[in-house]
Amino acid sequence: MNDVSTVDAIVIGSGAGGAAASYRLARAGLSVLLLEKGHRLPTDGTTLDIERVVHQGEFLSHEPWRDGRGRELIPEEHFNLGGKTKWYGAALLRHAPSEFEPEPGYGCGNGWPIGYADLAPYYEEIETLFDVRHFEPEADLERILARLRPASSGWRVTALPLALHRSIRDNPQEASHFDGFATVAGLKADSDNALLARLAGLSNLTIETGAEVIELLPAGAQTTRVGGVRLKDGTVRRAGIVLLAAGALHSPRLLERYLAQHNLTGSLPAAQLVGRRLKLHLLTALIAVSPTRKRDLIRKTVLLTHDAYPHSTVQPLGFDGELIGTLMPKWLPRKLASAVGRRAYGFFLQTEDGSHNDNRVIDGDDGSGGIPLLDYDADRTPASEAEHRRLIRGFRLALLQAGLPSVTRRIGPSGTAHACGTLPAGTSDTRGVVDSEGRVFGLESLYVVDGSVLPRSTRVNPSLTIFAWGLRVADHIAWRHSLSIDGAVDSRRAVGQTEVLP
């Protein structure tokens with residue numbers, strides 16, 4: 001595309017939802033401009049280097065925020081092509097049908113405006129595109145599970161669907177560093193190598209990196225129609241539609257600015273929910289210590305559940321001993337922590353958090369560039385906090401009975417890997433910010449395709465649902481576009497939904 005000022009669609013952000021939507025729209029023949037704030041990651045091995053990735057935090061954002069008490073906070077965000085999906089642990093889990101429904105007694109008063117059946121075909125498509133598979137537990141984990149499996153324990157073990165290449169065990173460096181690191185050999189699927197790379201050579205897709213969007217722009221004098229964006233360098237890009245995919249911390253900030261600048265905050269009911277109902281999951285890292293050295297490579301191969309904790313899951317961390325050592329108490333010298341880590345197994349305890357209007361993101365003091373606010377307090381959702389505490393006690397006791405003492409570290413509000421909910425989908429403009437097709441209520445040409453749309457965080461990782469949502473929203477956009485062009489009514493023909501490129 002030579003003229004990026006007149007594209008059909010601008011997509012802001014290249015993570016799960018942004019890449020999925022770009023993939024579908026470009027395949028449908030729309031001209032797409034994908035804008036990514038960050039750059040492509042290096043392929044020289046530095047993204048697998050624990051010193052540079054973990055200890056130096058070289059690839060993390062250093063943007064300052066403040067918490068609800070006014071203290072400085074640095075959210076653990078990644079700005080690069082592919083977003084967080086380059087760093088995630090590759091676990092692609094479906095939300096259960098019941099998790100699309102409201103559950104007021106648990107603090108989840110609003111369900112989805114769609115049901116499981118609406119996303120099921122998109123779940124399946126992403127699983128195919130990402131070549132999702134199961135791996136058998138390795139020897140060390142199998143010994144731990146054998147002690148947890150007795151019928152009286154109540155713990156159920158199921159295989160974890162992973163977007164890892166079947167040969168990853170042949171590359172120990174990648175196998176022991178896929179969880180929290182970015183692949184160099186392409187052995188972990190992400191939104192870049194599994195979706196965007198399939199579009200290489202298409203003339204109707206342009207990807208710009210280092211392109212930070214700071215402002216949404218109206219379509220002429222019609223402020224209820226978004227028609228473009230302004231970049232940090234002052235450049236303006238125009239499009240028929242705009243899709244927000246900057247993530248649950250950043251998309252609401254852009255929308256909040258737009259509403260404030262064009263005096264729409266008071267006239268659009270959905271504006272009252274922008275940035276609210278932030279969810280992060282209640283997360284705790286647990287380190288189980290034993291006398292023997294652990295030699296498993298992948299580790300993160302199973303999911304554990306228990307009826308006593310219906311909104312919670314446990315999964316092993318895909319961390320090797322050195323990385324587990326970074327989770328040990330800070331007062332331990334690094335060499336000693338690494339030595340203990342080599343004899344330890346890590347687990348990730350995760351509980352769905354409820355929705356609360358006071359858990360929120362605010363752009364800044366003046367709404368136009370001040371230090372942003374991330375105000376999150378797990379005590380505002382007492383049912384989920386109570387279950388998470390019970391989960392920690394129960395799993396620690398089960399491990400202790402299996403001969404494995406443990407230590408835990410609670411992940412605080414800066415741990416934003418699973419951030420969602422700040423622009424929730426709803427059945428009306430008083431119950432959500434976007435409708436069942438991802439369109440912002442009251443703004444006909446603005447859509448949201450990232451995790452901010454999730455009305456519930458559920459008990460599993462959100463990435464598969466975000467990918468699926470991005471595909472589904474893009475299908476609706478492509479269908480509407482086909483109608484406006486030639487009156488076509490066959491949406492599957494318009495978007496090529498059933499075809500998967502090699």
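Every read-out reported here was derived from the displayed coordinates using simple, explicitly stated rules and does not represent laboratory data. All values reported here derive from a predicted model rather than from experimental measurement. Note that each Cβ is placed from the backbone with ideal geometry, even for glycine, and that neighbours are counted across all protein chains shown.
Below, the figures for the structure above:
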| read-out | value |
| --- | --- |
| Extreme residue, positive dipole direction of the chain, given options GLY82, SER290, TYR447 (C-beta unit charges) | SER290 |
| Formal net charge of residues neighbouring SER153 (Cβ-Cβ distance under 13 Å; K, R +1; D, E -1) | +2 |
| Extension reserve of the ASP379-THR235 stretch, reckoned as 0.36 nm per residue once the Cα distance is removed | 47.5 nm |
| Contact order normalised by residue count of the range 190-279, Cα under 8 Å, 6+ apart, percent | 18 percent |
| Residues whose placed amide H lies under 5 Å from that of ARG342, excluding near-sequence neighbours | none |
| Degrees separating the helix 463-486 axis from the principal Cα axis of the chain, which is the longest one | 20 degrees |
| Cut-off under 5 Å, modelled amide H: who pairs with VAL434 long-range | ALA425, GLY426, PHE441 |
| 0 to 90° range, to nearest 10: angle between helix 382-401 axis and the chain longest Cα axis | 30 degrees |
| For the range 150-180 versus the range 223-293, the gap between their alpha-carbon centres in whole angstrom | 32 Å |
| Cα gyration tensor shape for the range 388-492, rounded if a/c is under 1.5, else prolate or oblate | prolate |
| Solution diffusion estimate, µm²/s, Stokes-Einstein, the chain, Kirkwood Rh from C-alpha pairs, 37 °C, viscosity 0.692 mPa s | 142 µm²/s |
| Low-density loop cleavage sites - trypsin sites (Lys or Arg not before Pro) in the range 340-401, where at most 16 other Cβ are within 10 Å (DSSP) | ARG342, ARG343 |
| Summed residue charge, Cβ within 14 Å of ALA285's Cβ, Lys/Arg positive, Asp/Glu negative | +4 |
| Contact order normalised by residue count of the chain, Cα under 8 Å, 6+ apart, percent | 23 percent |
| 13 Å beta-carbon shell around ILE74, net charge (K/R +1, D/E -1) | -3 |
| Cut-off under 5 Å, modelled amide H: who pairs with GLU103 long-range | CYS108, GLY109, ASN110 |
| Relative contact order of the range 42-107, defined on C-alpha pairs under 8 angstrom at six or more residues apart (%) | 17 percent |
| Gain in span if fully extended, ASP307 to ARG149, counting 0.36 nm per residue against the direct Cα distance | 55.5 nm |
| Global form of the range 186-318, assessed from the alpha-carbon gyration tensor, a/c cut-off 1.5 | oblate |
| Pairwise label distance in nanometres, GLN56 with ALA96, each label 7 Å out on the Cα-Cβ vector | 4.4 nm |
| Packing-based order for 458-464, 232-238, using average beta carbon neighbours within 10 Å, highest first | 458-464, 232-238 |
| Ranked by how many other beta carbons lie within 10 Å on average, peptides 278-291, 415-428, 295-308 from highest | 415-428, 278-291, 295-308 |
| Computed FRET value (nearest 0.05) for LEU336 with HIS39, which takes r as the C-beta separation and R₀ as 45 Å | 0.75 |
